[in-house]
Amino acid sequence: MTAVDDPAALAWAYLSRVVEPPCPQLAALVQSVGPVEAAERVRRGLVNDELARQTEARRGIDRAAEDLELLTQRGGRLITPDSDEWPLLAFAAFTGIGAKPRVGPPLVLWAQGPVRLDDAAQRAAAVVGTRAATAYGEHV
């Protein structure tokens with residue numbers, strides 16, 4: 001079965017686009033009902049008011065199959081918390097003592113290349129990024 005044929009992979013891909021991270025409400029829904037049911041509830045708007053507000057703009061846009069097909073064509077893979085290469089230790093700090101409630105690990109990771117992500121994460125210093133850099137961020 002390819003990722004494009006896998007309901008769970010399609011659900012994870014959809015959920016990764018439907019809201020700006022971090023989104024504790026979406027993470028909690030996925031934790032509670034699993035990715036396939038969570039994706040269906042988001043698509044149909046059957047979620048709490050806060051999550052509905054956060055997903056309203058994108059819930060009708062589902063490019064999961066196209067995203068996964070392109071990922072496959074480029075030799076990439078979708079890594080989810082269910083994946084054996086999910087970097088569990090790297091994300092352990094998100095649940096540690098004093099963790100901020102609005103911060104958590106990403107829902108999924110999109111990876112490309114031959115190195116296992118859990119192995120690479122053991123040697124990594126940081127994983128950072130932004131979609132809307134400040135002027136300072138663009139300068140440095």
Which of the residues spanning segment 39-48 are over 23 Å from residue 111 (Cα atoms) and either among the basic types (Lys, Arg) or surrounded by 14 or more Cβ atoms within 10 Å (Cβ to Cβ) (or both)?
40, 41, 42, 43, 44, 47
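Of the residues that sit in segment 1-26 and are in a loop (DSSP other than H, G, I, E, B) and acidic (Asp, Glu), which one is farthest from residue 83 (Cα to Cα)?
Step by step, filter segment 1-26, then rank; the result is 20.
Among 51, 70, 29, which is free of Cβ contacts under 8 Å to residues at least 24 places away in the same chain, crowded, with 18+ Cβ neighbours inside 10 Å and assigned to a helix (DSSP H, G or I)? Please lay out each step first, then the result.
On the way: 51 fails: free of Cβ contacts under 8 Å to residues at least 24 places away in the same chain; 70 fails: crowded, with 18+ Cβ neighbours inside 10 Å.
Going through 51, 70, 29 in turn, just one is free of Cβ contacts under 8 Å to residues at least 24 places away in the same chain, crowded, with 18+ Cβ neighbours inside 10 Å and assigned to a helix (DSSP H, G or I): 29.
Assess whether residue 102 counts as being within 16 Å of the chain's Cα centre (by Cα) and at pLDDT 95 or above. Before you say what the answer is, go through the steps one by one.
On the way: within 16 Å of the chain's Cα centre (by Cα): yes; at pLDDT 95 or above: no.
No; evaluated as a whole, the condition is false for this residue.
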Quick check on this structure: which one of 18, 36 is surrounded by 14 or more Cβ atoms within 10 Å (Cβ to Cβ), touching a helix residue (DSSP H, G or I) at 6+ places or on another chain (Cβ under 6 Å), at pLDDT 95 or above and farther than 17 Å from residue 5 by Cα?
18
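The values are calculated or read from the model by the stated rules, or taken from the named source; none is laboratory data. Note that the structure is a prediction, hence the values are computed from the model and not measured. Note that we place each Cβ from the backbone using ideal geometry, even for glycine, and neighbour counts take in every protein chain shown.
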